[in-house]
Amino acid sequence: MKAHTKETQAAITPEIALQYLKEGNLRFQNNSKVNRDLQEQVTDTSKGQYPFATILSCIDSRVSSELIFDQGIGDIFSARVAGNFVNSDILGSMEFACKLAGTKLIVVLGHTACGAVKGACDDAKLGNLTGMLEKIKPAVEAVTSPEDASLRNSSNIDFVNEVAAKNVQLTIDKIIEDSEVLAEMVQNNDIKIIGAMYDIHTGAVTFYE
């Protein structure tokens, strides 16, 4: 498979971009990745890049967007931070990716059994991690069930995964709220922003459509 060009990128709609990711994840699950000459893609992208999607995911070592969506060099922008939240730096990166570099889709990708989410559920304290986890706390508070405090921690994996899913939605809301550039692009149907969840047990991505 060849790297994308300016012409192939221009022909991709947000819907097509989403379909590419769905197809790539199915290939990943079936261990049937596309044949790529990565060195050829290095050469092809040396004078320019034309990715079709921007993916915000966790730093978790099991959740590499290029791998789980079976994408090559120059196909996607990949932003990673523990807990897949946004701040001004990540928003600026997304604005560059979409407005200037031409990607058609933003995916906020959470995952099951997320360590950062577990830390937020447990109110963990450790150096700079303390402040980082504060950004995930709104999702913890937004998940109201169960009410029993003894069940609202990392030992309850169902609660953890509910918080991870809520964190994805709140992150999308924050992108729209805090980025006029991206909000306008969504309004004009230039891009789509969608949430998704990766299952670390199966390798499957569920998109929130």
| said: I'd like the residue in segment 73-94 that is touching a residue at least 40 places away in the same chain (Cβ under 8 Å) and surrounded by fewer than 17 Cβ atoms within 10 Å (Cβ to Cβ) and, out of all such residues, is farthest from VAL205 (Cα to Cα). | reply: SER88
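I'm trying to understand the selection: among the residues of segment 9-41, which are small (Gly, Ala, Ser) and surrounded by 15 or more Cβ atoms within 10 Å (Cβ to Cβ)? If you could, list the steps in order and put the result at the bottom.
Of segment 9-41, the ones small (Gly, Ala, Ser) are 10-11, 17, 24, 32.
ALA17, GLY24 - these are the residues of segment 9-41 that are small (Gly, Ala, Ser) and surrounded by 15 or more Cβ atoms within 10 Å (Cβ to Cβ).
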| task | Could you check how many residues of segment 146-172 are surrounded by 15 or more Cβ atoms within 10 Å (Cβ to Cβ), assigned to a helix (DSSP H, G or I) and out of contact with any Pro (no Cβ under 9 Å at 6 or more places or on another chain)? | result | 10
| request: Could you tell me which numbered condition GLU23 fails, if it satisfies all but one of (1) part of a loop (DSSP other than H, G, I, E, B); (2) under 23 Å from GLY203 (Cβ atoms); (3) among the charged types (D, E, K, R)? | output: (1)
| said: Go through (1) in contact with a Lys or Arg (Cβ under 9 Å, 6 or more places away or on another chain); (2) free of Cβ contacts under 8 Å to residues at least 24 places away in the same chain for ALA149 and report which single condition fails. | reply: (1)
| field | Search result, residues across segment 127-145 that are in a loop (DSSP other than H, G, I, E, B) and surrounded by 17 or more Cβ atoms within 10 Å (Cβ to Cβ) | value | LYS135, ILE136, VAL143
| Among the listed residues ASP70, ASP44, which satisfies the condition of being acidic (Asp, Glu) and surrounded by fewer than 20 Cβ atoms within 10 Å (Cβ to Cβ)? | ASP44
| request: Mind counting the residues in segment 100-135 that are of a type in the set (S, T, N, Q) and touching a Phe, Trp or Tyr at 6+ places or on another chain (Cβ under 8 Å)? | output: 2
| query | Within segment 173-209, can you find the residues that are out of contact with any Asp or Glu (no Cβ under 7 Å at 6 or more places or on another chain), assigned to a helix (DSSP H, G or I) and within 17 Å of ASN84 (Cβ to Cβ)? | reply | ASP173, LYS174, ILE175, ILE176, GLU177, ASP178
| said: I'm checking my understanding of the structure. Among residues of segment 85-130 that are in contact with a helix residue (DSSP H, G or I) (Cβ under 8 Å, 6 or more places away or on another chain) and among the hydroxyl-bearing types (Ser, Thr, Tyr), which one is farthest from GLN19 (Cα to Cα)? | reply: SER88
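Coordinate-derived values only; no laboratory data. Not measured: the values here are computed from a predicted model. Backbone-built Cβ (ideal geometry, glycine too); neighbour counts: all protein chains shown.
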